[in-house]
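The values are calculated or read from the model by the stated rules, or taken from the named source; none is laboratory data. Because the structure is predicted, anything quoted here is derived from the model rather than measured. Please note: Cβ atoms are built from the backbone with ideal geometry, for glycine as well, and neighbour counts cover all protein chains shown. Just the protein is used for accessible areas: all its heavy atoms, side chains included, with ligands, DNA and RNA removed. Shrake-Rupley method; radii C 1.70, N 1.55, O 1.52, S 1.80 Å.
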Amino acid sequence: MSLQVDDLTLYYQTLHGDVKALEGATFSVADGEIMGLAGESGCGKSTLANGLILLKPPMRFVHGSVRLDDEELPVWDTDRMDAFRFRRISIVPQYAMNALNPTRKIGKMTVELLRSRKVDVRSTLPELERRLDLVGLSHEVLGMYPIELSGGMKQRMVMVLSTLLDPSLLMADEITSALDVSTQKAVARMLVEFRDRRFVKSLMVITHDLSILNQIADSILIMYAGRLAEKGSTDRIINAPRHPYTRLLIASLPKVGVRHRQTRLTGIPGSPPFLLHPPVGCRFRERCPAALPECGEEPPFVEIEKGHYVACWRESGTDAEA
Amino acid sequence: MSKYFRRKLFIYVLTFFLAVTIDWLIPRFMPGNPIQVLIARANLKAESAKVVYSYYMRAFGLDVPIWNQYANFWNALFHGDFGTSLWLFPQPVIKIILRAVPYDILLLLPAILLSWFAGNKFGAFAARSKWLDNTVSPLGYVLTATPYMWLGMLLAWTFGIVLRVLPFSGAYSYALMPTLSWIFIWSLLEHWILPFVSLFMVMFGGWAIGMRNMIIYELEADYSHYLETLGAPRRLIRRYAFRNALLPQITGLALQLGVIVAGALVTEIVFSYPGIGYLILQAIQNHDYFLLQGCFLFVIIGVLLANLAIDVTYVLVDPRTRTGMQGER
Amino acid sequence: MTQQKKRREFAYFALRNNKLRIGVAIVFLFMVLALVGPWLTHYKPREFVAPGAQHPSSQFWMGTTSLGEDVFTQFVYGLRATFIVGLLGGGLGTLIGILIGFVAGYRGGMVDELLNMFTNIVLVIPSLVVLLIIAAYLEVRGFLFESLFIGFFAWPWAARAIRAQTFSLRSREFVDLARLSGMKPLRTIVTEIAPNMMSYLLLVFILQFGGAILTAATLDFIGLGPTNAVSLGLMMNNAVIWGALILGMWWWFIPPGLAITAIVGALYVTNVGLDEVFNPKLREM
């Protein structure tokens with residue numbers, strides 16, 4: 001098992017109290033698995049990604065454990081985490097377009113970064129060049145400043161850089177949202193290729209765009225309001241979703257090629273609860289078309305068939321529908 | 001890049017043109033007859049007043065049509081003719097000014113450069129932790145809020161009067177003649193310290209505060225964040241942030257030049273340091289308007305040259321301007 | 001976040017921010033002194049009240065000048081002048097900066113190009129030297145004149161900063177929306193852009209306020225300030241002319257400079273404090 005997350009709970013400290021951005025997240029990502037992580041903005045998917053790699057105030061670690069390749073990941077200790085960052089766990093951030101220092105040549109910055117991480121530069125550079133070839137960047141970009149690259153080129157550069165040390169887990173955070181459709185596809189294919197070539201052992205692709213996940217993900221994890229709603233193989237999630245939220249989400253999926261804003265999905269009436277004082281019980285209850293009296297209690301995240309988990313009383317109860 | 005420079009040069013040429021025009025306009029279009037005012041202020045006897053009046057009329061060239069006057073003004077300018085001083089009659093203005101310029105360079109260049117470097121280092125240091133920021137930054141705020149002349153007065157009084165360790169008037173001892181001797185150089189240095197320190201300290205505070213604010217923004221920038229997620233050591237991230245924060249500080253230097261000039265001016269007055277600032281005061285007090293005009297033009301030229309030097313530096317250090325992109329300045 | 005909630009959050013941070021508290025307190029203190037000071041003294045600023053060069057005493061709280069004037073009286077009247085010039089000059093500078101910055105940033109294109117060039121020119125010319133020349137030719141000068149001229153030359157950096165802000169706001173969605181719905185440019189600026197910049201404009205004004213005070217002090221020190229009143233800069237000018245340094249009359253030149261430093265420094269600190277309140281990123285360091 002590449003990544004094993006148990007009961008991870010992360011809050012944001014604010015003036016008005018803790019925002020319960022992520023509660024009781026329990027899931028795993030297998031070796032070689034590309035797991036999609038989807039949900040509306042503010043559902044906690046970016047919190048999860050940041051919490052795994054760079055947990056710093058105002059984000060606060062409450063409890064839980066994270067294991068990477070059967071080793072404890074000290075996410076709460078930012079100094080000890082440095083040993084894992086880049087080498088074992090890495091991220092292609094949402095802001096990939098601005099992620100490179102604007103006043104350093106890209107090659108120079110890379111070398112300085114590698115040196116600072118005590119990586120042997122001489123033996124790494126040929127691999128860097130091979131990977132640039134792979135993503136279709138000429139070696140000349142190493143002698144250029146970020147401003148000389150297009151947005152797409154910068155993003156590919158960041159992808160190459162983030163995965164240069166063959167991390168076990170790569171998280172790709174909303175990396176397709178700023179791109180046009182054809183580039184989106186190319187970037188998505190590149191992620192698969194990185195996995196196939198074992199540059200990364202496993203991948204977490206965070207997005208609000210289910211159609212991308214449909215193309216590349218092996219499994220999909222759906223989140224709602226800081227909690228896990230459903231996880232299963234891509235096929236099961238897309239074709240036979242069990243959680244009412246997932247169903248509505250799939251039903252509201254835009255037609256192929258149509259982009260939509262990263263706002264509330266219009267297909268589902270109502271809006272997610274504020275996570276400062278989240279409601280007790282199932283957080284989707286307010287908007288759920290099929291709410292039961294039991295929903296006043298927190299539904300457990302249970303496996304209803306092999307590899308398919310759902311947090312819904314309708315599914316875990318004895319009278320589950322097929 | 002050449003487009004960047006062409007634009008800059010165009011602005012500077014235009015500025016110079018405008019400044020000269022203002023310089024020409026002011027005495028002509030101020031309320032009342034400036035020459036009458038000049039003579040009234042000079043408290044001359046009736047017959048000498050007449051002589052001075054006709055001298056002024058001829059000197060300003062007021063007896064020819066207005067456009068002619070303007071053309072003559074430019075013509076004289078290009079021949080280095082700034083008129084004749086009244087205060088040090090009959091020395092030409094240009095000679096008096098050229099005598100003062102070395103003192104300005106001696107005072108300003110080291111003060112500006114050293115305070116810029118030291119202030120930036122110090123500001124970056126202050127931004128290291130909340131604790132340092134709270135203890136060290138207030139010093140920067142106090143310094144940058146201090147009026148130049150007041151700090152000058154405090155220093156002159158403390159070191160010149162109370163402690164009696166440093167001279168605080170003139171550029172060298174009145175007992176000496178300018179020669180290339182160690183005694184003279186020592187005297188020059190002694191007299192230079194206090195005005196230098198007072199200029200240095202006020203500017204230092206400004207740069208420190210500026211850097212402190214800039215670097216905090218840079219440390220929050222996306223590229224800093226990305227390096228953090230890659231586990232880069234704090235040292236590398238700080239180094240990048242410092243370098244990037246220096247760029248707006250270079251621009252800041254250009255923006256601050258006007259204030260710096262004003263500061264140098266009053267500092268020279270406090271210490272009777274014989275630079276252009278001191279000349280301006282003498283010109284005002286002695287109603288020597290040719291000298292005043294000349295000083296004004298020299299200050300403009302100095303500021304324009306400094307701006308040009310800053311632009312060149314900026315292009316050298318910011319890759320974004322070099323790679324053909326429009327630099328933000 | 002709703003507008004009201006946001007406002008409450010600002011208020012909370014504003015009350016808790018030490019920089020803001022200290023800065024505002026100092027400025028307020030001096031403002032009160034400037035307002036009530038003239039009632040605390042029964043002298044006039046230019047009145048001969050005692051033999052010259054007296055040390056501070058219970059009768060003359062800050063001593064007397066070489067000319068036998070009461071320093072405290074001059075000080076409180078001078079404070080008034082400082083605040084008036086700061087508010088008027090700083091206010092005018094901000095106003096012009098807002099006008100030019102908004103228009104340049106919002107219209108863009110040729111208008112921006114021209115205004116930008118104009119701004120750069122005024123920026124390069126050392127304003128104080130121009131003020132010097134103009135002031136040197138004028139026989140009678142008042143506070144209003146001084147404030148106006150300071151304002152007329154202080155706006156360029158404000159205009160540049162506001163232009164850059166407007167530029168970035170202009171491309172945001174809500175402004176697009178306003179434009180698409182056929183709102184006139186001026187209306188868009190007033191109703192959509194300005195409210196989002198209010199905090200920023202306040203910061204600009206505070207810096208202009210402090211800058212105007214310093215410029216006025218410099219002008220007054222050279223002897224080109226208002227001809228009909230006292231000011232803190234003029235006090236320092238007199239002190240130097242009448243040899244307060246050599247005579248060791250520290251009570252004459254220390255109070256005015258100290259007051260200016262305290263007020264301007266407090267304004268700067270207030271500015272940083274407010275910046276931290278408005279900009280959540282700066283709250284944690």
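Filtering B:133, B:81 for residues that are farther than 25 Å from residue B:263 by Cα and touching a residue at least 40 places away in the same chain (Cβ under 8 Å) leaves a single hit, B:133.
As for the range B:216-223, it holds at least one residue that is farther than 27 Å from residue B:306 by Cα, open to solvent by 40 Å² or more (accessible area, probe 1.4 Å) and hydroxyl-bearing (Ser, Thr, Tyr). Yes or no: the range B:237-247 includes at least one residue that is part of a loop (DSSP other than H, G, I, E, B), more than 21 Å from residue C:267 (Cα to Cα) and facing another protein chain (nearest Cβ under 9 Å). Within the range B:237-247, none of the residues are part of a loop (DSSP other than H, G, I, E, B), more than 21 Å from residue C:267 (Cα to Cα) and facing another protein chain (nearest Cβ under 9 Å).
Give me the residue from the range A:47-70 that is assigned to a strand (DSSP E or B) and not basic (Lys, Arg) and, out of that set, modelled with the lowest pLDDT. Give the derivation first.
Just the residues of the range A:47-70 that are assigned to a strand (DSSP E or B), to begin with: A:59-68.
The next check asks that each one be not basic (Lys, Arg); those that pass are A:59, A:61-66, A:68.
Details: A:59: 89, A:61: 94, A:62: 94, A:63: 93, A:64: 93, A:65: 93, A:66: 94, A:68: 93.
In this case the residue turns out to be A:59.
Candidates B:257, B:281: the one that is among the hydrophobic types (A, V, I, L, M, F, W, C), facing chain C (nearest Cβ under 8 Å) and either assigned to a loop (DSSP other than H, G, I, E, B) or under 10 Å from the mean Cα position of the chain (by Cα) (or both) is B:257.
The set of residues in the range B:158-167 being more than 13 Å from every other protein chain (Cβ to nearest Cβ) and in contact with a Pro (Cβ under 9 Å, 6 or more places away or on another chain) is empty. Open to solvent by less than 30 Å² (accessible area, probe 1.4 Å) and more than 9 Å from chain C (Cβ to nearest Cβ): does that describe residue B:170? Yes.
Could you tell me whether any residue of the range A:83-101 is in a loop (DSSP other than H, G, I, E, B) and among the basic types (Lys, Arg)?
Here is the first cut: in the range A:83-101, the residues in a loop (DSSP other than H, G, I, E, B) are A:83-84, A:86-88, A:93-95, A:99-101.
Next, from what is left, pick out any that are among the basic types (Lys, Arg): A:87-88.
For the range A:83-101, residues in a loop (DSSP other than H, G, I, E, B) and among the basic types (Lys, Arg): present.
Where residues in the range C:144-189 are at pLDDT below 80 and of a type in the set (A, V, I, L, M), which of them is surrounded by the fewest Cβ atoms within 10 Å (Cβ to Cβ)? In this case the residue turns out to be C:180.
Only one of the numbered conditions (1) closer than 27 Å to residue A:212 by Cβ; (2) open to solvent by less than 50 Å² (accessible area, probe 1.4 Å); (3) not basic (Lys, Arg) is not met by residue A:42, and that is (2). Give the range C:94-141 a look and list any residue that's more than 14 Å from chain B (Cβ to nearest Cβ) and open to solvent by 20 Å² or more (accessible area, probe 1.4 Å), or say none. Selection gives C:95, C:96, C:98, C:99, C:100, C:103, C:107, C:109, C:110, C:111.
Quick check on the range A:105-116. Is at least one of its residues surrounded by fewer than 17 Cβ atoms within 10 Å (Cβ to Cβ) and either in contact with an Asp or Glu (Cβ under 6 Å, 6 or more places away or on another chain) or of a type in the set (S, T, N, Q) (or both)? Within the range A:105-116, not a single residue is surrounded by fewer than 17 Cβ atoms within 10 Å (Cβ to Cβ) and either in contact with an Asp or Glu (Cβ under 6 Å, 6 or more places away or on another chain) or of a type in the set (S, T, N, Q) (or both).
Residues of the range A:74-99 that are in contact with a Leu (Cβ under 9 Å, 6 or more places away or on another chain) and open to solvent by less than 10 Å² (accessible area, probe 1.4 Å): A:75, A:81, A:85, A:86, A:89, A:90, A:91, A:92, A:99.
Only one of the numbered conditions (1) of a type outside the set (S, T, N, Q); (2) open to solvent by 20 Å² or more (accessible area, probe 1.4 Å); (3) within 13 Å of chain B (Cβ to nearest Cβ) is not met by residue C:202, and that is (3). Listed by first and then second residue, the pairs linking a residue in the range C:227-247 that is more than 8 Å from chain B (Cβ to nearest Cβ) to a residue that is hydroxyl-bearing (Ser, Thr, Tyr) and part of a helix (DSSP H, G or I), with Cβ atoms under 9 Å apart and 6 or more places separating them unless they lie on different chains, are C:229/C:77; C:230/C:73; C:230/C:77; C:231/C:77; C:231/C:82; C:232/C:82.
For the range B:284-312, enumerate the residues that are assigned to a helix (DSSP H, G or I) and either at pLDDT below 85 or within 14 Å of chain A (Cβ to nearest Cβ) (or both). Please lay out each step first, then the result.
Our first condition is that a residue be assigned to a helix (DSSP H, G or I); within the range B:284-312, this holds for B:284-285, B:289-312.
The answer is B:284, B:285, B:289, B:290.
The one condition from (1) crowded, with 18+ Cβ neighbours inside 10 Å; (2) closer than 23 Å to residue A:166 by Cβ that residue A:8 does not meet is (2).
Is it fair to say residue B:101 is surrounded by fewer than 19 Cβ atoms within 10 Å (Cβ to Cβ), within 30 Å of residue C:207 (Cα to Cα), touching a residue at least 12 places away in the same chain (Cβ under 8 Å) and assigned by TED's automatic domain parsing to the domain that holds residue B:270? Walk me through it before giving the result.
Values: surrounded by fewer than 19 Cβ atoms within 10 Å (Cβ to Cβ): yes; within 30 Å of residue C:207 (Cα to Cα): no; touching a residue at least 12 places away in the same chain (Cβ under 8 Å): yes; assigned by TED's automatic domain parsing to the domain that holds residue B:270: yes.
When the stated conditions are applied, residue B:101 does not pass them.
In the set C:30, C:83, only one residue is open to solvent by less than 20 Å² (accessible area, probe 1.4 Å), of a type outside the set (Gly, Ala, Ser) and in contact (Cβ under 8 Å) with a residue 12 or more places away in the chain; that residue is C:83. Free of Cβ contacts under 8 Å to residues at least 60 places away in the same chain, open to solvent by less than 30 Å² (accessible area, probe 1.4 Å), under 23 Å from residue C:227 (Cα atoms) and out of contact with any Ser or Thr (no Cβ under 6 Å at 6 or more places or on another chain) - does that describe any residue in the range C:39-60? Within the range C:39-60, none of the residues are free of Cβ contacts under 8 Å to residues at least 60 places away in the same chain, open to solvent by less than 30 Å² (accessible area, probe 1.4 Å), under 23 Å from residue C:227 (Cα atoms) and out of contact with any Ser or Thr (no Cβ under 6 Å at 6 or more places or on another chain).
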